[in-house]
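In what follows, a structure is listed as structure tokens, so that the remarks can point back to it.
All of the numbers you see were taken from the coordinates with simple rules; none came from a lab. Computed from a prediction, not measured in an experiment: that's the story for all the values here. Note that each Cβ is placed from the backbone with ideal geometry, even for glycine, and that neighbours are counted across all protein chains shown.
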Amino acid sequence: MKKIKFLFLLITISTFSQFEYGFKGGISFNGNLNVALEIKSLDLGFPTNNYESRDGEHFGLFFKINFNNFYLRPEINYTRIKNSYDLFLVAKKDVITDFDETKIDIPVIVGYNLFKYLNIFAGPRFEYNKKVKDLNNLIISDLNTDFQIGLQYGVGLKFYRFELDLRVERGFEKNEINYLKDAIGSKNQFITSEGKLYLLTLSFYL
């Protein structure tokens, strides 16, 4: 009886779904994102507005399960993001304004094929921060949290074995970096690595 049920399950899956997989790579970008930065070591007494630029690259693998016009696409990606802050009223020599993040991203995308080549999608993104360092390669280990949950959504175009998609990525919570080269007593600098990112990705189906 168990063998019959298992066989029925395999037939059902093969009939109503299609499995695909491959690898992907792309770029991440965002510029002139106006954010607030609190620098305790400078004792300003108020957050200072600044413009943040974030760009980088990502590459990884994906597995896709098709159900008629719907599909489920889990991914695993290695991502590097370069952060740069343009501060106002603050001497850059006193703070950290440029740092890199490397992390593992696991989006779980649910999509719908609108037409033969066009699809839309959205889904949660699970992020694990591996490392943060400044431009002098000094490791910054004091992250507010190593694990975060975010959201990705966007639109894709698929032609044969290639698929190009544009995504928007947002976080649900702030991730602060508590770091300053020369801390003054217990005071330190908090940099927030939060913000919207745009991702342009090219996938290749094997």
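Fully extending the segment from residue 160 to residue 68 would add 31.4 nm, taking 0.36 nm per residue of separation and subtracting the current Cα-Cα distance. Estimate the FRET efficiency between residue 170 and residue 61 by the formula 1/(1 + (r/R0)^6), using the beta-carbon distance for r and 22 Å for R0, to the nearest 0.05. Once rounded, the FRET efficiency stands at 0.40.
Other residues lying with their Cβ under 12 Å from the Cβ of residue 110 contribute a combined charge of +2, Lys and Arg counting +1, Asp and Glu -1. Other residues lying with their Cβ under 13 Å from the Cβ of residue 203 contribute a combined charge of +2, Lys and Arg counting +1, Asp and Glu -1.
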